[in-house]
Amino acid sequence: EQPASRNSTVTRIYQLNMAKMTLKRPAAALLCLIVGLRVVQDVASFAPPALPAVVLSSRTNNHHHHHSKVANPSTSTTTTLHATIPSWTYYSLAHVIGGTTGTPIVISGTKKGGWFDRIPKPKINPPNFVFGPVWTLLYSLMGVSVSRIIKASSPQSSFVLKLWYGHYALNLIWAPIFFGLKRFRLGFMISSMLVLTLGGILPLYHAIDPIAAYLQIPYMLWLSFATVLNYQFCVLNPANGIGVNEAMRQADLIKNEEESGGEYTDDMFQSDLKNLQRAAAEYAGL
């Protein structure tokens, strides 16, 4: 009877363990489900952690308890400062992004071996790598100035901003005119208009917010230099009687070379001959 009793006991223990495991599996599955749902909820509701607030506390202790470490609640004040992104950041970013609209045209025109490499350039012409950082800085300062004019909420702000946006649009079309169409004289006219319009906008800026006007002084200096540079390009690359300058002629030659596989064809010779005859006739005053 003892072996039978032992077997019965072992069987009951085995059955009890199986029952526990049977109960544990649904419980474990339910626990995993709860944890999984919590993780999904946490991921879905994730937000970047906010910058820690700077808490400045000033406490005034009671005159009779100047040795106490705990401040008097009735005389304690707490100031909380929250870090935020400056509003001018968005305006600067918008101006910089707008300024890059002409970048592909400039890169295409100034690539190595392109027409820009083949034309005579003024001695004061800076290296190509200078223009990118300079214009990025100037566009950023433009955004800061605009943000200050907007925050000033002056009765004249709306009118001044309309003038500025017109000036900014004129600024953006200069690169396609100069590097895209290779119209140096038209580019000089646009650059001159930019100097004149900016000269009219700066006093209006100063009347609303002097700092907004001062931030545009580097832009005025660079714009004046760019206008002189543009004029020298016009002098060194004059257009003939039909409005074709050296930049246009070099661009046509490069196009013909690419189409002919680099060979100097009869069409290219005839084109060069006609250009030489036209130049000689202009020089002779015919």
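The values are calculated or read from the model by the stated rules, or taken from the named source; none is laboratory data. Not measured: the values here are computed from a predicted model. So basically every Cβ, Gly included, is an ideal-geometry build from the backbone, and we count neighbours across all protein chains shown. Ligands, DNA and RNA are excluded from the accessible area calculation, which covers all protein heavy atoms including side chains. Shrake-Rupley method; radii C 1.70, N 1.55, O 1.52, S 1.80 Å.
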Q: Could you check the simple spin-label distance between TYR214 and TYR168, using points 7 Å along Cα→Cβ, in nm with one decimal?
A: 2.3 nm
Q) Ignoring ligands and nucleic acids, what accessible area does ARG249 show with a 1.4 Å probe (Å², nearest 10)? A) 70 Å²
**Q.** Karplus-derived HN-Hα couplings along the range 182-190 (A = 6.51, B = -1.76, C = 1.60, θ = phi - 60°), whole Hz, x at Gly and Pro
**A.** 6, 8, 5, 5, 5, x, 5, 5, 5
**Q.** Global geometry of the range 121-216, whether rounded, prolate or oblate, following the gyration tensor of its Cα atoms and the 1.5 cut on a/c
**A.** prolate
**Q.** Residue-normalised accessible area of the range 77-202, expressed per residue, 1.4 Å probe, Å²
**A.** 57 Å²
Q: Taking all protein chains together and a probe of 1.4 Å, list LYS182, LYS121, LYS111 from the most accessible to the least accessible.
A: LYS111, LYS121, LYS182
